[in-house]
Every structure is written in structure tokens, then in C-alpha cells.
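> Okay, here's the structure, questions in a sec.
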Amino acid sequence: MTIRVRVSLYSGLRTDRFAEAEVELPEGATVNDLREKLDLPLQDIGIVMVNARSGTFQQRLQPGDRITLIPPIGGG
Amino acid sequence: MPFGYNGKILHIDLTQQKWHVEEPGEKWYRTYMGGSAFASYYLLKMLTPGTDPLSPENVLVFACSVVTGAPISGWNRYTVAAKSPLTHAFGESEAGGFFGPELKFAGFDAIVIQGRAAQPIYLFIKDGNVQFRDAKDVWGLDNFKALLRIQEEVGDKRVRVASIGPAGERLVRFANVSNDVEHFNGRTGMGAVLGSKNLKAVAVRGTKRMESAEPEKVKDIARWHNARIKTHPPNVGLTNFGTPGLVKGLNATGILPTRNFREGVFEGADKLNADAYASILHSSGTCWTCAVKCKRRVALDDEKYPLNPKWGGPEYETIAAFGSMIGNDNLLAVGRGNQLCNLYGLDTVSMGNVTAFVMECFENGILTDKDTGGRKINFGDPDAMLWLIEEVVQRRGIGDILAEGVKTASERIGRGSEQFAFTIKGNDLPLHDGRGKTGMALGYALSATGADHIETPHDVAFQGDGVAKLHAVGLLDPVEPLETDMAKVRFFALGQKAWGINNLLSICNFTSVAIHAMTFHNLVEAVRAVTGWDTSLYEIMLAVERSMVMSRIFNLREGFGPEDDKVIRRWHEPMPGGPIKGKKLDEQEFRRAIEVFYELSGWDRRGRPTFGKLVELNLEWLQPEMPQ
Ligand code: SF4
């Protein structure tokens, strides 16, 4: 069984990928599985939103979830 | 008895070597709350406009907040403020580490320092008492040796020391204040103010802890917060990679400041990012009671670029300042430059800007090796950067002019060098490009300290659903980082006040709202539990606005006006390449955004807060200070 989720990438994460796409994942997949499928190293991700709420890498995804990934490019 | 704070402000007169304690009362604390607002209050009350920042009349403030020292990750910062010798405007800089909480434990919420000691001294503040100590054996030492010497002289290894190095002693106008050689009040030249007062250091030691009104509730929130830090992605990134993790994302987005803000993509960025950093990483460091542990220590047994784990590891700002900004991809040299600056007490952001300025002048034939006694200073040469650090700190040759800061140096050099001198209100720019973060560009233009990267949210995080992180303050529209439209002005105005909570309460952004592991709700709950005040997000954000208006009035009083609320020429020119090629800040659109910001803030067209605004903020006492 698989699920489909809607993924939005921002800023430099779009290069060689996409701005928005549907992605198919195995049932029970987590944000971290999505990250690996998109070949995104951990250090490339600053912010994870799942359905407009702060998400975690361990969070299990549900069919139709909306995931937003933004790179860490603030100050410091 | 107050909870969370001492109710005591320590006043020091260095000329007379006298001290006294002021107890301003709960209403004062609740009105101003901490950090920059405490500082603005005393600068506005005690300083005459036009005062020379390096004269004894300048007022120097060290300030914590009402909650500093509460046992919550990141509630550990403090502000150092004075009239800035670099900008002649409001000067302030925050740092983390251990000094802030220790000052609170020693019995004081802030220190207000005036005058000038006849001979070099340092202050030793312990459990409510103050000693003026002869600094004859400490003056001249670098920050690390000074720390060890002071620990030895006061006979306590647990003393926390905020000190200046030789740069501050020699009044380099971008000298910083170091605490424990790992944390720095870097910006606006506060180290030179200490130097001008013959004040080598402030050492603090306190044996008590702060009491909270509801200690169990504070503990509960701290436990929840620390658990969230472990899984919240922005904090996972900081714990694993520290701020060096920013290099890759900024470069991939085309906004890594490169060669004096000329470009936004650096071909050598892969040699400066978190992966490369692993080769010099020694260990992680932290600040008082913080679970994030984002600080980095570096070590390298190298003849040319030796790195000592006790002298601090470069943060993102320094990596960009001594890396891409000067076209250098040698991370070891970046680390070495950082450690020299840490020992000498130089702000790395300014020093990187100075170096890039000189390099671009060389590239254009404005400066030549005749100006430097034969030394060529070209983009990409890390040893030229290390050489310049020495010249500046010794105030030798061209270093003596550069020690005045980029703006003054370019005015003295002339010959068209001004076109490559990029400052805002005379302050050098932290390493972010406003062409790719227009909201942050508004922050740079409007900051009372000149360009400041931690006074305002960086647009990029609030794209798409990211804006949900600011829903709690009423911001519902996602942000487009490259636009300077009215949605952006709204984002900036609200975001700045939300962000400002951290500076006002002396809390580290990397643990807090809006992006990191704290939520607005729990932050307010924690402030309530610490202080016992029936407070709210509204009251705290009003205090943030009060703080911003006070520093604004300080600058108006010093002669700054709307013509100073601007960014650098280069950001009004198209980005020459990379992912945001062709993007620029349209000058008229940007001016319009600033004017709309004045309007929504209750400021007039000359950028002066109206009398109504002063009444709203309980600041009518400042009306006579307003220039007519
Ligand atoms: S997040 Fe980093 S800088 Fe902030 S308090 Fe923690 S260790 Fe210090």
C-alpha cells in the first residue's frame, strides 16, 4: 500500500527538484522517509510544516498531507 | 519581593570610583522589561545629545531582563549598550554565554557605568558588592590571558568575565566585548567604549539563584521545551551542524554575500559549509542551561593556521565575513582569523566588511601596495585578511585608518573609495543580502543600530505554510522573499515586534519564537510563571515597541532622520548571477515601504513618533526630546 502527499519546496531546495509535487510513499512513511526519497541531506532542511503546523522528522504521514520544507537560511 | 529579577540596578562612577544601587520599583520593570529598553532608558535620561562616544560622558549599560537566569534553554543573554563610537547612533549588542545569568545571581539586573578611571581598572562584582580593581597586570593582555589572569587575581575560577582585548584598549571603533572568549557583544564598537573608560573588564560572581513565582510551572515548561528541542527540525539542525549549516542553503538560494556584496553565489562555498567544518570541529559548546548546544569549538595542529578549542569556533556570520565576502575558500584561515579577532577583541562582521572594502579598492586601483607598505590585498587571499587584522589591532599604517570603520576610512581615503564602502547608519552589514530577503532589508534600513540581522525575521522561513509560525501574532499571508509589497510591510511590522520579544527579554532566538522550539503561548506562560505578573503577549509586544521607539528617539536626538533609513547602493542594482539573477530592490518601491511603515507605526513623514504614539506607549516624558 502507498500514500500520496503534497510537497512544497522553497528557496534553494527547488534547484534540480520542484516547487510543488505529489509524492508517493509507502504507508506508514515519516517525514524523514520523504526527506530521504527526495535525496535531501538533513542539514539542508530548516523548517518542516505538516498541514500548516510545525512537524518533526519522526512524524508519520497520512494520505493527502501537505508538507512544506524550507532550508535554514536565517541569521546567526 | 520581586520574582525573576533583583529589583536592583547598579550605578558605577568610574571617575570617583563610587557605586550605588537604585531600586526603580515594579512598575518600571514591567514597563521596560529588559535588555535594550533598560539601556535606552538610561541613555535617554543620562546622555546629552552630541556627546563624544569615546568621552567619559558616554553612558555604558550592561543589562539583563526580568527573566534572565530562569532555568529555561536560551534565557541567558544580556545587552551591552552605549552611544556607538562606530555609528554615533544608538549602540547595542547582545551576547549569550554565562555572564548574564551570573550578573543576576550576583544581585543586579543591570549595570550603568559613567566616567573614566584615571588608570586601567576592572570591576569585580560579587554577591551584591563591588570592587574597583587595579588592572595594571591585565591591561594589554588578550581576552584569553585576561580571563585567566582575572580568575587568578580574584581567586575564583567560576567568575564570569566580560572583557576587552587590545583592540578595545586602542579604541578600534568596532572592538567588541568578549565573555569567556566564546561569546561576544560584537556589534557597534562597545569594546572601544570600555577602552575609552579605562575599563578592561567586568567580572561577576553570584552564589544565589533567581526565584520564580511558580517554580514548578517553570520547570514543567523547561522540560517540555527541552524535549521539543530534540525533535523540532530547526533545532535538530542547530544541534547537529550549528550555524555553519546556513552556508549551504544561502549559497543554493543565491544570497551568500560574496566579494563585498557584489554577488550571491560563491564558487568555494562547499569548502566552507558544515561538511567542511567537520574537519576542524573539536566539540560542541553551549550557553547557560541550554539544551541546543549550537556553539562550535575548533581545533587544529597546523603551523600556519593553528586552532585552539578554547578560543572559539567561527559562526555563520564569521564564515561568510572571512570566507565568501572576501572570496576566500580556506576554512582554516577563517578559523584562524576568527580566533585572532576573539583574542584581540575585534568584531568579525565589521572586520570582514573592512577587508572586503580594501580588497575591492585594490581591485579598482583605488588603493595599491603603496598604501600598505608593499602588501597586496586581493580578493581570495586569506593571508591578506590575517595581515589586516594585525594592522588594525596595532593601528599600524593603513590599519590606523581602517580602525575607524569602513565609513570614516573611505571618507579619509577618498579617491572614489566611497562607492565600495557599504554601511547603514555607519554600521557594517551582517552577512545577509537584502535582495533575497526584502523584509530583512527593511530591518537593516530601520534598525537603530544600523544594519542588524537579529532584530527582524528573515523572510525565507515564512514562505507558504511557514507563515503559520507567525499566525499567533495575526500574520496570515505567506511571504514572498523577493517582493517589497504591502504584505511585506505588514509582515515586517508585526514580525519585528514578535522577533523583538527575544531581544527585549534577553532570550536566544535559536531557542525561541517564532522559528525555534518555543511557542508564543508557552513563552508568555513562562514569563507569567517566572515573574508572577498577569501578563500577556500584547503587553510584551507593546514593551517591544516601546523599546524600538526609545532607540528611535535616541537617534533622532542625535540628528539622524529619514534619509538614514536606507540600504546600500549595491542592493538597488541587479544581482549579477545565480538563482536570483537580475533581482534588485527597486528604490522607489523600497522608499514607499519605509514610508508606509512610518505611517502604520504612528510616526510622521520625518520618521518621528507622534505625540499620540508616545502617549500610547507611556513615553510622554520623551516629547521634549523630539527634534522640531
Ligand atoms: S541556541 Fe546556541 S547560542 Fe542560543 S543559547 Fe543555546 S547554545 Fe547558546
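What follows draws every value from the coordinates through simple rules; no lab data is involved. Keep in mind the model is a prediction, meaning the values are calculated, not measured. Note that we place each Cβ from the backbone using ideal geometry, even for glycine, and neighbour counts take in every protein chain shown.
> Below 8 Å, C-alpha to C-alpha, sequence gap of six or more: please give me the relative contact order for region B:44-170 in percent. Walk me through the intermediate numbers first.
Values: 186 pairs, mean separation 23.9, N = 127.
Taking the mean separation of contacting Cα pairs over the length of region B:44-170, I get 19 percent.
> Next question, about the same structure. Per 10 Å bin from zero, what fraction in whole % of the C-alpha pairs of the protein assembly as shown is there, up to the bin with the longest pair?
Final binned percentages: 3, 16, 27, 29, 18, 6, 1, 0, 0.
> Given H placed 1.01 Å from N in the peptide plane, which residues other than close sequence neighbours of B:Tyr78 have an amide H under 5 Å from its amide H?
Under 5 Å from the amide H of B:Tyr78: B:Ala95.
> So if I place +1 on the C-beta of Lys and Arg and -1 on the C-beta of Asp and Glu, and nothing else carries charge, what would the dipole magnitude of region B:559-622 be about its Cα centre? I want it in debye, nearest 20. Write down the numbers at each step before the final one.
Working: 12 positive and 12 negative charges, 75 e Å.
Dipole magnitude for region B:559-622 comes out near 360 debye.
> Moving to a separate point now. Count, for each residue of A:7-16, the Cβ atoms from other chains sitting within 10 Å of its Cβ, then give me the mean as a whole number. Let's see the in-between values first.
Numbers: counts 0, 4, 2, 10, 14, 10, 3, 3, 4, 1.
Mean inter-chain Cβ contacts per residue within 10 Å come to 5.
> How crowded by other chains is A:52-63, given as the mean number of beta carbons from other chains within 10 Å of each beta carbon? Could you put the intermediate results ahead of the total?
Values: counts 7, 4, 13, 4, 6, 4, 1, 1, 0, 0, 0, 0.
Other-chain Cβ atoms within 10 Å of each residue's Cβ, averaged: 3.
> Mind ordering B:407-415, B:112-120, B:342-350 by average Cβ neighbours within 10 Å, highest first?
Details: B:407-415: 16.8, B:112-120: 18.3, B:342-350: 28.3.
Taking the mean over residues of other Cβ atoms within 10 Å, the ranking is B:342-350, B:112-120, B:407-415.
> Pick out, from B:Tyr538, B:Val549, B:Asn618, the residue whose Cα sits farthest towards the positive end of the charge dipole of region B:515-628, with +1 on the Cβ of Lys and Arg and -1 on the Cβ of Asp and Glu.
The Cα lying farthest towards the positive end belongs to B:Val549.
> Roughly how big is the protein assembly as shown's charge dipole about its Cα centre, with Cβ charges of +1 (Lys, Arg) and -1 (Asp, Glu), in debye to the nearest 20?
In debye, rounded to 20, the protein assembly as shown gives about 900.
> Looking at B:Asn330, B:Val358, B:Leu343, which one has the Cα that reaches farthest to the positive end of the dipole of region B:257-421 (charges on Cβ: Lys, Arg +1; Asp, Glu -1)?
Toward the positive end, the furthest listed residue is B:Leu343.
> Assign one of three labels to region B:9-205, namely rounded, prolate or oblate, based on the Cα gyration tensor with a ≥ b ≥ c the square roots of its eigenvalues; rounded applies when a/c is under 1.5, prolate when it is not and a/b is larger than b/c, and oblate otherwise.
On the way: a/c = 1.37, a/b = 1.08, b/c = 1.27.
Because its axes are fairly even, with a/c under 1.5, region B:9-205 counts as rounded.
> Now for a different question. Could you work out the relative contact order of chain B, using alpha carbon pairs under 8 angstrom and six or more residues apart, expressed as a whole percent? Before the final figure, lay out the partial values.
Working: 1467 pairs, mean separation 94.7, N = 628.
Relative contact order of chain B: 15 percent.
> Could you work out Rg/(2.2 N^0.38 Å) for region B:208-332, with Rg from alpha carbons only?
Details: Rg = 17.7 Å, N = 125, 2.2 N^0.38 = 13.8 Å.
In units of the globular-protein estimate, region B:208-332 measures up at 1.29.
> Considering only the protein assembly as shown, what is the antiparallel percent among its DSSP beta bridges, to the nearest 5? Provide the component values of the computation, followed by the final result.
Numbers: 58 of 73 bridges.
Taking every DSSP beta bridge with both residues in the protein assembly as shown, the antiparallel ones total about 80 percent.
> Let me know the charge dipole size of chain B about its Cα centre in debye, to the nearest 20, where only the beta-carbon of Lys, Arg (+1) and Asp, Glu (-1) is charged. Write down the numbers at each step before the final one.
Values: 72 positive and 75 negative charges, 166 e Å.
Approximately 800 debye in magnitude.
> Which percent, nearest 5, of DSSP beta bridges in region B:9-205 are antiparallel? Write down the numbers at each step before the final one.
Values: 34 of 45 bridges.
So the antiparallel bridges amount to about 75 percent of the total.
> Sticking with this one: Using only DSSP helix segments of four residues or longer, with each worth -39500 (n - 2.57), what per-residue ellipticity at 222 nm results for chain B after dividing by its residue count and rounding to 500?
Details: 22 runs with 232 residues, N = 628.
About -11000 deg cm²/dmol.
> Okay, moving on. Treat each spin label as a single point 7 Å out from the Cα along the C-beta direction, and report the A:Arg60 to B:Gln623 distance in nm.
6.4 nm
> With a cut-off of 8 Å between alpha carbons and a minimum separation of six or more residues, what is the relative contact order of region A:2-76 in percent? Walk me through the numbers before you get to the answer.
Details: 132 pairs, mean separation 31.0, N = 75.
Once normalised by length, the contact order is 41 percent.
> Still on this structure, please answer the following. What are the aspartates and glutamates whose alpha-carbon lies under 14 Å from the alpha-carbon of B:Lys583, with same-chain residues fewer than 8 places away excluded?
B:Glu263, B:Asp433, B:Glu480, B:Glu483, B:Glu573
> Shape call for chain B from the C-alpha gyration tensor, a ≥ b ≥ c root eigenvalues: rounded (a/c under 1.5), prolate (a/b greater than b/c) or oblate?
On the way: a/c = 1.28, a/b = 1.10, b/c = 1.16.
Rounded is the answer for chain B, as its axis ratio a/c remains below 1.5.
> With respect to the cross-link table entries B:Lys104/B:Lys157; B:Lys230/B:Lys581; B:Lys136/B:Lys310; B:Lys304/B:Lys425; B:Lys136/B:Lys425, which display a Cα-Cα separation exceeding 27 Å?
Listed pairs above 27 Å: B:Lys230/B:Lys581; B:Lys304/B:Lys425; B:Lys136/B:Lys425.
> Got a sec? Which residues in region B:429-473 would a label at B:Glu483 touch, if it sits 7 Å along Cα→Cβ and we count backbone N under 11 Å?
Taking a point 7 Å out along Cα→Cβ of B:Glu483, the residues of region B:429-473 whose backbone N falls under 11 Å are B:464.
> Among rounded, prolate and oblate, which fits region B:49-126 when a ≥ b ≥ c are the square roots of the eigenvalues of its C-alpha gyration tensor, a/c under 1.5 means rounded, and a/b larger than b/c means prolate? Intermediate results must be reported in sequence, preceding the final value.
On the way: a/c = 2.81, a/b = 1.61, b/c = 1.74.
Oblate shape, in that a/c is at least 1.5 and b/c is the bigger or equal ratio.
> Quick one: what are the phi-derived ³J(HN,Hα) couplings along region B:487-502, Karplus 6.51/-1.76/1.60 with θ = phi - 60°, whole Hz, x for glycine and proline?
4, 5, 5, 4, 4, 5, 5, 6, x, 4, 6, 5, 5, x, 4, 5
> So what is the diffusion coefficient of region A:2-70 in µm² per second by Stokes-Einstein at 4 °C and 1.567 mPa s, using a Kirkwood Rh over Cα pairs?
Working: Rh = 11.8 Å.
After rounding, the answer is 110 µm²/s.
> Right, next: Lys/Arg Cβ at +1, Asp/Glu Cβ at -1, dipole of region B:9-205 taken about the Cα centre: which of B:His20, B:Ala146, B:Gly191 is farthest positive-ward?
B:Gly191
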